[in-house]
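Engineer: First the structure, which I've put down as structure tokens, then a few questions once you've had a look.
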Amino acid sequence: MSQRVLYIEDNEQNLYLVRFLLERHGYQVVDALDGQAGIELAAALVPDLVLLDIQLPRMDGYAVARKLRANAALEQTPIVAVTSYAMSGDREKALAAGCDGYIDKPINPDTFLQQVEFHLSQPRKKNVR
Ligand code: MN
């Protein structure tokens, strides 16, 4: 069974690129265009991985990460921030909000799949935060 990735992102070009890169390698990709839709889809689908934009309308990615982490059903699901914020403080904020890592924008098609596979291969431990 193919692994399912939920991508919460409001930018159509990024949605298109990520879908292209992942579907080509057999992943299922589900899009959510804002945080609320992402939270609802994550609860319904319990995806294998969540990719999370930080700059989202209405509710930012940090708030989305905190909400996802409040759902015990998602305890084993890694959340990876996908962010153009280059400053380390923003990465730390993403980690503090419950993300397990981050991937930089612009997305690099040559390394993106490896980054996704790395995060999929990292089992989440209970009660680490
Ligand atoms: Mn965005």
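The values are calculated or read from the model by the stated rules, or taken from the named source; none is laboratory data. Worth saying up front: this structure is predicted, and the values here are computed from it rather than measured. Every residue, glycine among them, receives a Cβ derived from its backbone with ideal geometry; neighbour counts consider all protein chains shown. Only protein heavy atoms, including side chains, enter the accessible area calculation; ligands, DNA and RNA are left aside. Shrake-Rupley method; radii C 1.70, N 1.55, O 1.52, S 1.80 Å.
Engineer: Net charge near A37, counting Lys/Arg +1 and Asp/Glu -1 over other residues with Cβ under 13 Å of its Cβ? Walk me through the numbers on the way to the answer.
Structural biologist: Values: positive: R58, K67; negative: E9, D10, D31, D34, E40, D53.
Once positives and negatives cancel, what remains is -4.
Engineer: Moving on. With each pseudo-label sitting 7 Å past Cα toward Cβ, what's the A96-Q36 distance in nm, one decimal?
Structural biologist: 2.7
Engineer: I would also like to ask the following. Placing unit charges on C-beta atoms (Lys and Arg positive, Asp and Glu negative, everything else neutral), compute the dipole magnitude of region 29-85 about its Cα centre in debye, rounded to 20. Each step should come with its number before you reach the end.
Structural biologist: Details: 4 positive and 7 negative charges, 41 e Å.
In debye, rounded to 20, region 29-85 gives about 200.
Engineer: Taking the solvent-accessible surface of protein heavy atoms with a 1.4 Å probe, what is the per residue accessible area of region 4-109 in Å²? It would help to have the intermediate numbers written out before the result.
Structural biologist: On the way: 5070 Å² over 106 residues.
That works out to 48 Å² for each residue.
Engineer: Whole number please: convex hull volume per residue, Cα atoms of the chain, in Å³.
Structural biologist: Working: hull volume 12.4 nm³, N = 129.
Output value, Cα hull per residue: 96 Å³.
Engineer: Per DSSP H run of n ≥ 4, the term is -39500 (n - 2.57); total these for the chain, divide by its residue number, and report the mean residue ellipticity at 222 nm rounded to 500 deg cm²/dmol. Before the final figure, lay out the partial values.
Structural biologist: Values: 5 runs with 50 residues, N = 129.
The helix-only estimate for the chain comes to -11500 deg cm²/dmol at 222 nm.
Engineer: Then there is this: Give the carbon-plus-sulfur fraction of the accessible surface of the chain in %, rounded to a whole number; probe 1.4 Å, heavy atoms of protein chains only.
Structural biologist: On the way: 3540 of 6990 Å².
In the chain, the share of accessible area belonging to carbon and sulfur is 51 percent.
Engineer: Name the residues whose placed amide hydrogens come within less than 5 Å of the amide hydrogen of V82, ignoring near sequence neighbours (fewer than 5 apart) on the same chain.
Structural biologist: The list, which skips near neighbours in sequence, is L52, D53, I54, I103.
Engineer: Quick query: amide H of V30 versus all other amide H atoms, modeled in the peptide plane; which residues come in under 5 Å with a sequence gap of 5 or more or a different chain?
Structural biologist: V5, L6, Y7
Engineer: Considering the zone a paramagnetic label at Q76 would reach in this model (a point 7 Å from Cα along the Cα-to-Cβ line), which residues of region 1-32 have amide N under 20 Å from it?
Structural biologist: Residues passing the 20 Å test: 1-7, 27-30.
Engineer: Can you give the charge dipole size of the chain about its Cα centre, rounded to the nearest 20 debye, using +1 on the beta carbon of Lys and Arg and -1 on the beta carbon of Asp and Glu?
Structural biologist: Values: 14 positive and 17 negative charges, 109 e Å.
With Lys and Arg at +1 and Asp and Glu at -1, about 520 debye.
Engineer: Could you give each residue of region 44-51 its phi-based ³J(HN,Hα) in whole Hz, using Karplus coefficients 6.51, -1.76, 1.60 with θ = phi - 60°, and x for Gly or Pro?
Structural biologist: 6, 9, 6, x, 6, 7, 10, 9
Engineer: Over what distance in Å are the Cα centres of region 1-80 and region 100-118 separated?
Structural biologist: Computed from Cα coordinates, the inter-centre distance equals 14 Å.
Engineer: What relative contact order, as a whole-number percentage, does the chain give when Cα pairs under 8 Å and 6 or more residues apart are counted? Can you show the working numbers first?
Structural biologist: Numbers: 212 pairs, mean separation 28.8, N = 129.
Result for the chain is 22 percent.
Engineer: If you don't mind, there's one more thing I want to ask. ³J(HN,Hα) across region 68-79 via Karplus (A = 6.51, B = -1.76, C = 1.60, θ = phi - 60°), whole Hz, x for Gly/Pro?
Structural biologist: 5, 6, 7, 9, 4, 5, 9, 4, 8, 8, x, 10
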